[in-house]
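**Q** After the structure tokens below, expect a handful of questions from me.
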């Protein structure tokens, strides 16, 4: 069985995600996406179909014909559900080996994270609910369906709601190293020797550092999104953009906004557009700012290219840890908190917090009053709590006199 999740691009720019078997679209999974998930983005459709594909692999391995079973009004039994929940925990390579019939040693099995396994099972659970109602021609209150969904929920791995406490922003040493090695003329710069590539990557790094925008938003920037006079960059939502030649179109997940850029960065962007991008033939065919310099192709870069640029830095300088674009987004939030704390140190704490949340929500493209600021501001809050506790603890002094020591 050859299953493939792919994206088709219509003439109007609309992206359509499909799950196909041996080149033919599968009816029920694609009907499910069209009917039940039409308001979601194509990226969400891709994720769901990848999860459903894993369920189809499980059916292949176990020999269970789910559609035939549902047509008879029979549901998955508890043992079946436990088996497919376990199957959802394996990574892609392990699933590939299981499907091939190779017997694996216990140590050869590799699992995905609990959150990924839980996400897979959640997507499959919703699909099975749709499929059973469609094939058994019943309502969601049908006791057979309720029982099956209840069993899936019971076996689904629990994911703790709290986030692990780990450093997500850059340290001062890491920031110092990065600002040095991304310079095009630095002897240890790990990027291509092509001056245009080095300048492009330098700009991508600094745009992310100065604004905290997402990598998809970075890859989707157009030349005319840069206001060279007012020194700003604007982030727009252009879903299903027919002018974007990329099948996997980078999309803004957050709200539209306009953000300031430093004069030095604006100067480098102008330099890149006028003297590097303009010399790549294919770049004239589209409006996107960052282009591929490989053999003069000139197409807009992919999100994968952005990831690769950061991965090269991480590989060349292990002291940077696992560096990725989203880490700079966290770093922006941490640094923003420090700046607000410094600039508004004499303001009431309530006013400071209100300004922080409102300004941060706009800069990050979040809805005002949401909870995302709490997630990204957690490290700063931890540090402030630690500082206050240290000050408080200074009043407790343990002084043991000689005559107080135990005999």
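**Q** Within the stretch 282-308, take every residue that is in contact with a helix residue (DSSP H, G or I) (Cβ under 7 Å, 6 or more places away or on another chain) and at positive phi and give me the one that is modelled with the highest pLDDT.
**A** 298
Okay, residues lined up against (1) touching a helix residue (DSSP H, G or I) at 6+ places or on another chain (Cβ under 8 Å); (2) surrounded by fewer than 18 Cβ atoms within 10 Å (Cβ to Cβ); (3) on the phi < 0 side of the Ramachandran plot; (4) not in a helix (DSSP H, G or I):
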position	(1), (2), (3), (4)
5	yes, no, yes, yes
11	no, yes, yes, yes
17	yes, no, yes, yes
29	yes, no, yes, no
34	no, yes, yes, no
39	no, yes, yes, yes
45	yes, no, yes, no
54	yes, no, yes, no
68	no, yes, yes, no
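Listed here are the residues, each with its yes/no results for (1) under 16 Å from residue 86 (Cα atoms); (2) touching a helix residue (DSSP H, G or I) at 6+ places or on another chain (Cβ under 9 Å); (3) surrounded by 16 or more Cβ atoms within 10 Å (Cβ to Cβ).
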site: 128; (1), (2), (3): no, yes, yes
site: 133; (1), (2), (3): no, yes, no
site: 138; (1), (2), (3): no, yes, no
site: 150; (1), (2), (3): no, no, no
site: 154; (1), (2), (3): yes, yes, no
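**Q** Oh, and also: Among the residues of the stretch 167-185, write down those that are loosely packed, with under 14 Cβ neighbours inside 10 Å and farther than 16 Å from residue 209 by Cα.
**A** 167, 185 - these are the residues of the stretch 167-185 that are loosely packed, with under 14 Cβ neighbours inside 10 Å and farther than 16 Å from residue 209 by Cα.
**Q** So, residue 345, is that one in a loop (DSSP other than H, G, I, E, B), within 28 Å of residue 222 (Cβ to Cβ) and more than 17 Å from the chain's Cα centre (by Cα) or not?
**A** no
**Q** Here is a follow-up. Identify, by number, the condition in (1) under 26 Å from residue 365 (Cα atoms); (2) not in a helix (DSSP H, G or I) that residue 191 doesn't meet.
**A** Failed condition: (1).
**Q** Go through 134, 179 for me and flag whichever is without any contact (Cβ under 8 Å) to a residue 12 or more places away in the chain and either in a helix (DSSP H, G or I) or more than 22 Å from the chain's Cα centre (by Cα) (or both).
**A** 179
The values are calculated or read from the model by the stated rules, or taken from the named source; none is laboratory data. Predicted model only: the values in this text are computed from it and were never measured. Cβ: placed from backbone, ideal geometry, glycine included. Neighbour counts: every protein chain shown.
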